[in-house]
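Peer 1: Please read through the structure below; I'll follow up with questions.
The values are calculated or read from the model by the stated rules, or taken from the named source; none is laboratory data. Quantities reported herein were computed from a predicted structural model and do not represent experimental measurements. Positions of Cβ are generated from backbone atoms using ideal geometry, with glycine treated the same way; all protein chains shown enter the neighbour counts.
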Amino acid sequence: MKKDLAIRALEMAVRLRQPPEGCLFHSDRGSQHCSYDYQKKLLAYGLRPSMSGKGNCYDNASIETFFKSLKAELIWRQSWSTRRQAEAAIFQYINGFYNTRRRHSYLGGISPLAFEAKVAK
């Protein structure tokens, strides 16, 4: 993944989620997440960077689980003619299914957005 893609994803996440100042933003140690420009953008948004320990995949278990689900439920089940189609399908999977409707046993059988609303009350 290129640094610019990671920065665009961060910008979209901030625009859609509007995280509070000081919110922890966890990522792996990929070069795009360690880049000066990416770290500068995190700080400009008032986010606190957090990274997995070097060589410790367990620090990032939740995102590893997400990518396993993404691959098993979408990527390995179909193919796309263009990169744009793949991007649209992944966007729809995340925002139209995974976060809004997919039940998570760890969250008590509700979606991440339902859990967030429940905790915010």
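Peer 1: Residues of region 55-85 being in a helix (DSSP H, G or I) and of a type in the set (A, V, I, L, M), which ones?
Peer 2: Within region 55-85, the first condition is being in a helix (DSSP H, G or I), and the residues that meet it are 57-73, 75-77, 83-85.
Answer for region 55-85, where residues must be in a helix (DSSP H, G or I) and of a type in the set (A, V, I, L, M): ALA61, ILE63, LEU70, ALA72, ILE75.
Here is a yes/no grid of residues against (1) among the basic types (Lys, Arg); (2) touching a Phe, Trp or Tyr at 6+ places or on another chain (Cβ under 7 Å); (3) under 18 Å from ALA9 (Cβ atoms):
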position: HIS33; (1), (2), (3): no, no, yes
position: ALA44; (1), (2), (3): no, no, yes
position: LYS71; (1), (2), (3): yes, no, yes
position: HIS104; (1), (2), (3): no, no, no
position: ALA117; (1), (2), (3): no, no, no
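Peer 1: Okay, next question. Pick from LEU24, LEU16: which is of a type in the set (A, V, I, L, M), touching a strand residue (DSSP E or B) at 6+ places or on another chain (Cβ under 8 Å), modelled with pLDDT of 85 or more and not assigned by the TED database to the domain that holds ILE94? Explain how you work it out, then say what you get.
Peer 2: Values: LEU16 fails: touching a strand residue (DSSP E or B) at 6+ places or on another chain (Cβ under 8 Å).
Matching residue, one of LEU24, LEU16: LEU24.
Peer 1: Would you be able to tell me the number of residues in region 104-118 that are surrounded by 13 or more Cβ atoms within 10 Å (Cβ to Cβ), over 16 Å from the mean Cα position of the chain (by Cα) and not in a helix (DSSP H, G or I)? Spell out how you get there, then give the answer.
Peer 2: Filtering region 104-118 for residues surrounded by 13 or more Cβ atoms within 10 Å (Cβ to Cβ) gives 104, 107, 110-116.
Now drop any that are not over 16 Å from the mean Cα position of the chain (by Cα), which leaves 107, 110, 114-115.
With not in a helix (DSSP H, G or I) added as a condition, the list becomes 110.
Adding up the residues that qualify gives 1.
Peer 1: Report the residue count in region 86-103 for those that are more than 11 Å from LEU113 (Cβ to Cβ) and outside any helix (DSSP H, G or I).
Peer 2: Within region 86-103, residues that are more than 11 Å from LEU113 (Cβ to Cβ) and outside any helix (DSSP H, G or I) number 1.
Peer 1: Okay, moving on. Kindly list, by first and then second residue, each pair from a residue in region 78-97 that is within 16 Å of LEU16 (Cβ to Cβ) to a residue that is loosely packed, with under 11 Cβ neighbours inside 10 Å and among the charged types (D, E, K, R), limited to pairs with Cβ atoms under 7 Å and residues at least 6 apart or on different chains.
Peer 2: Pairs that qualify, where the first residue is within 16 Å of LEU16 (Cβ to Cβ) and the partner is loosely packed, with under 11 Cβ neighbours inside 10 Å and among the charged types (D, E, K, R): there are none.
Residues are listed down the side, and each one gets a yes or a no for (1) more than 28 Å from ARG102 (Cβ to Cβ); (2) touching an Asp or Glu at 6+ places or on another chain (Cβ under 7 Å); (3) without any contact (Cβ under 8 Å) to a residue 24 or more places away in the chain; (4) not acidic (Asp, Glu):
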| site | (1), (2), (3), (4) |
| --- | --- |
| LEU24 | no, no, no, yes |
| ARG29 | no, no, no, yes |
| GLN32 | no, no, no, yes |
| ASP37 | yes, no, no, no |
| LYS40 | yes, no, yes, yes |
| TYR45 | no, no, no, yes |
| ASN56 | no, no, yes, yes |
| ALA61 | no, no, yes, yes |
| PHE66 | no, no, no, yes |
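Peer 1: Residue by residue through region 15-37, note down the ones that are over 23 Å from THR65 (Cβ atoms) and crowded, with 16+ Cβ neighbours inside 10 Å.
Peer 2: SER35
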